[in-house]
1. Cβ-Cβ below 6 Å, separation at least six or inter-chain, first residue in region 89-110 and part of a loop (DSSP other than H, G, I, E, B), second surrounded by fewer than 24 Cβ atoms within 10 Å (Cβ to Cβ) and polar (S, T, N, Q): which pairs?
2. So, in region 128-178, how many residues would count as being out of contact with any Leu (no Cβ under 8 Å at 6 or more places or on another chain), of a type in the set (A, V, I, L, M), free of Cβ contacts under 8 Å to residues at least 40 places away in the same chain and closer than 20 Å to Phe77 by Cβ?
3. Could you check Ser101 against (1) exposed (fewer than 12 other Cβ atoms within 10 Å of the Cβ); (2) hydroxyl-bearing (Ser, Thr, Tyr); (3) at pLDDT 95 or above and say which number it fails?
4. Can you tell which of Phe161, Phe128, Phe116 is over 23 Å from Lys32 (Cβ atoms), buried (at least 18 other Cβ atoms within 10 Å of the Cβ) and either out of contact with any Cys (no Cβ under 6 Å at 6 or more places or on another chain) or of a type in the set (Ser, Thr, Tyr) (or both)?
5. Give region 125-160 a look and list any residue that's under 17 Å from the mean Cα position of the chain (by Cα), outside any helix (DSSP H, G or I) and closer than 17 Å to Lys58 by Cα, or say none.
6. Out of Val81, Val164, report the one residue that is more than 30 Å from Arg43 (Cα to Cα), of a type in the set (A, V, I, L, M) and modelled with pLDDT of 90 or more.
7. Being part of a strand (DSSP E or B) and more than 15 Å from Thr96 (Cβ to Cβ) is the filter here; which residues of region 161-178 pass it?
Amino acid sequence: MQKSHLETLHRYEPFRSEARTIAHSLLPRHLKEALLLDGINARELTAFRTWQDHEDRKVMWDWHFATRYTTVNPKAFDLSVWQGNRLLSLSLGRPTYHGTSMRLDFIERAPGYSIFSGDMFTISQVAFETYGRMIGASYLRVMEPMNDKLIQYYTSKDVGFSFVKASKGVPHYLVKPL
């Protein structure tokens, strides 16, 4: 790894940490008291193994790629959401190459029931928007939403994303100004 790449990786770590702290402070009281926001490291990857082969998973990402992803993309943002000792969600993204948008590339909540399951996207959205603003991005992109039902929900007036069709090698995504 080049020295400049390693320096960028370390230079952005305080932004990642501060974005998680700020995002946590912006959560409603009931979430703030019950949940912890962190990055993705060995603890999260160990906890992920408990849902890795669960039959109710909606996507089948092997989150062990997260370490490589954040190394290759030194400005990347990683987020885990915990309730006590239970991992509830993982998300991962990076700024676009020109830095105008913050991408949310991967998000997955733990399979099975949690009273906070419906809050996982919103929590990730708040954290990614916070990090995006900190690094100078103007938009949040949710890359390749999983299905039409999600696209319809997130493009509703209440949520405020716009849909952008795939073009010139860029996959479809949802976008919202920060």
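The values are calculated or read from the model by the stated rules, or taken from the named source; none is laboratory data. Please read all numbers here as calculations on a predicted model, not as lab measurements. All Cβ positions, glycine included, derive from the backbone under ideal geometry; neighbour counts span all protein chains shown.
1. Qualifying pairs under 6 Å: Thr100/Ser138.
2. 2
3. Answer for Ser101: the failing condition is (1).
4. Checking each option against the conditions leaves just Phe161.
5. If the condition is that a residue be under 17 Å from the mean Cα position of the chain (by Cα), outside any helix (DSSP H, G or I) and closer than 17 Å to Lys58 by Cα, then Val142, Met143, Glu144, Pro145, Met146 are the ones that fit.
6. Val164
7. Ser162, Phe163
Yes or no, residue by residue, for (1) closer than 25 Å to Gly132 by Cα; (2) charged (D, E, K, R); (3) assigned to a helix (DSSP H, G or I); (4) free of Cβ contacts under 8 Å to residues at least 24 places away in the same chain:
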site: Leu9; (1), (2), (3), (4): yes, no, yes, no
site: Tyr12; (1), (2), (3), (4): yes, no, yes, no
site: Glu18; (1), (2), (3), (4): yes, yes, yes, no
site: Ser25; (1), (2), (3), (4): yes, no, yes, yes
site: Lys32; (1), (2), (3), (4): yes, yes, yes, yes
site: Ile40; (1), (2), (3), (4): yes, no, no, no
site: His54; (1), (2), (3), (4): no, no, no, no
site: Arg57; (1), (2), (3), (4): no, yes, no, no
